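S.K.: Mind looking over this structure? Questions follow.
The values are calculated or read from the model by the stated rules, or taken from the named source; none is laboratory data. Values in this document were obtained by computation on a predicted structure and should not be read as measured data. Cβ: placed from backbone, ideal geometry, glycine included. Neighbour counts: every protein chain shown.
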């Protein structure tokens, strides 16, 4: 019990990909080549990895009985009895303390955002995830706080458009995850999480359709917005729209045709076309922002 490999699995390092949103402000603020800003963003990323892992530990301890009855979650180290709950809680406190301390090292504004993220995710683990609709909004807000922390770390004002695009994309991923959970668990969904019993595949499909269209339009408007063009010094960002369209369509394909989507981090790392699309999108953004003329 408590072997290093099992402890590492309990920290869910694959889900640290969510914290890459911290670097969004660094890239779009054109600070990628600035040593101070890059260092601050990296420290913030590490801090959020520690904070998110601390929450995963608390969540798995709290839901250990439900996870043991779940077809996939029963293999998690705590549910499987490979990591003791007491050890997990002690480690969670230590990770949270180091994470908050690291964010304070970056700056007080970053620490405030990190503390808000920790409070939100704790509230979600204990209470909010049992409230229909509020549960998906709380998870989406966690993504937004990651992006805000990245902006606070490098001391830039985050674009309202970037916030809108972030929360819409986050809602898209969370709703797709809820749909996959509902399809996988079928009639027993409410036994694993009461709020799942309040959803239906039809309702989630409607919500996903609304969010998908909103995400498309918001990103398109962001790329051609006059303020965006002035701040970034280029109007060529609109050429990245096809990558966004393909990425969302590919994800919908995986959700509906391949029954994936229950774990966005796993999908991103294992689906080669989607991963390649993300890499090409980031490369296109960097090329446009840093090497092209207006």
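S.K.: Go through (1) out of contact with any helix residue (DSSP H, G or I) (no Cβ under 6 Å at 6 or more places or on another chain); (2) closer than 23 Å to residue 147 by Cβ for residue 23 and report which single condition fails.
M.R.: Residue 23 satisfies every listed condition except (1).
S.K.: Hey, another quick one. From the list 237, 221, exactly one residue is surrounded by fewer than 19 Cβ atoms within 10 Å (Cβ to Cβ), on the phi < 0 side of the Ramachandran plot and part of a helix (DSSP H, G or I). Which is it?
M.R.: From the options 237, 221, the qualifying one is 221.
S.K.: Right, next: Can you list the helices (runs of 4 or more DSSP H) lying wholly within the range 47-139 that have 2 or more residues being modelled with pLDDT under 90?
M.R.: Ranges flagged: 64-68.
S.K.: Within the range 153-163, does at least one residue satisfy the condition of being in a helix (DSSP H, G or I) and modelled with pLDDT of 95 or more?
M.R.: Yes, some residue in the range 153-163 is in a helix (DSSP H, G or I) and modelled with pLDDT of 95 or more.
Quick grid of which residues meet (1) more than 30 Å from residue 161 (Cβ to Cβ); (2) in contact (Cβ under 8 Å) with a residue 24 or more places away in the chain; (3) in contact with a helix residue (DSSP H, G or I) (Cβ under 6 Å, 6 or more places away or on another chain):
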site: 14; (1), (2), (3): no, yes, yes
site: 29; (1), (2), (3): no, yes, no
site: 35; (1), (2), (3): no, no, no
site: 42; (1), (2), (3): no, no, no
site: 48; (1), (2), (3): no, yes, yes
site: 103; (1), (2), (3): no, yes, yes
site: 109; (1), (2), (3): no, yes, yes
site: 118; (1), (2), (3): no, yes, yes
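S.K.: Among the numbered conditions (1) closer than 30 Å to residue 182 by Cα; (2) part of a helix (DSSP H, G or I), tell me where residue 260 comes up short.
M.R.: Going through the list (1) closer than 30 Å to residue 182 by Cα; (2) part of a helix (DSSP H, G or I), residue 260 breaks only (2).
S.K.: Which of the following residues is in the same structural domain as residue 226 (by TED's automatic domain parsing) and more than 21 Å from residue 215 (Cα to Cα): 168, 120, 163, 182?
M.R.: Being in the same structural domain as residue 226 (by TED's automatic domain parsing) and more than 21 Å from residue 215 (Cα to Cα) holds for just one of 168, 120, 163, 182, which is 182.
S.K.: Report the residue count in the range 90-114 for those that are farther than 13 Å from residue 43 by Cβ and surrounded by fewer than 16 Cβ atoms within 10 Å (Cβ to Cβ).
M.R.: Total satisfying the criteria: 7.
S.K.: Moving on. Which of the residues belonging to the range 1-12 are at pLDDT 90 or above and touching a helix residue (DSSP H, G or I) at 6+ places or on another chain (Cβ under 8 Å)?
M.R.: The answer is 7, 10, 11, 12.
S.K.: Say whether the condition of being touching a residue at least 60 places away in the same chain (Cβ under 8 Å) and within 15 Å of the chain's Cα centre (by Cα) is met by at least one residue in the range 81-98.
M.R.: no
S.K.: Would you check which residues across the range 188-216 are over 17 Å from residue 130 (Cα atoms) and modelled with pLDDT under 90 and list them?
M.R.: Once the filter is applied, which keeps residues that are over 17 Å from residue 130 (Cα atoms) and modelled with pLDDT under 90, the range 188-216 yields only 201.
S.K.: Of the residues that make up the range 59-78, is at least one within 26 Å of residue 3 (Cα to Cα), in contact (Cβ under 8 Å) with a residue 60 or more places away in the chain and either under 18 Å from the mean Cα position of the chain (by Cα) or not assigned by TED's automatic domain parsing to the domain that holds residue 116 (or both)?
M.R.: Yes, the range 59-78 contains at least one residue that is within 26 Å of residue 3 (Cα to Cα), in contact (Cβ under 8 Å) with a residue 60 or more places away in the chain and either under 18 Å from the mean Cα position of the chain (by Cα) or not assigned by TED's automatic domain parsing to the domain that holds residue 116 (or both).
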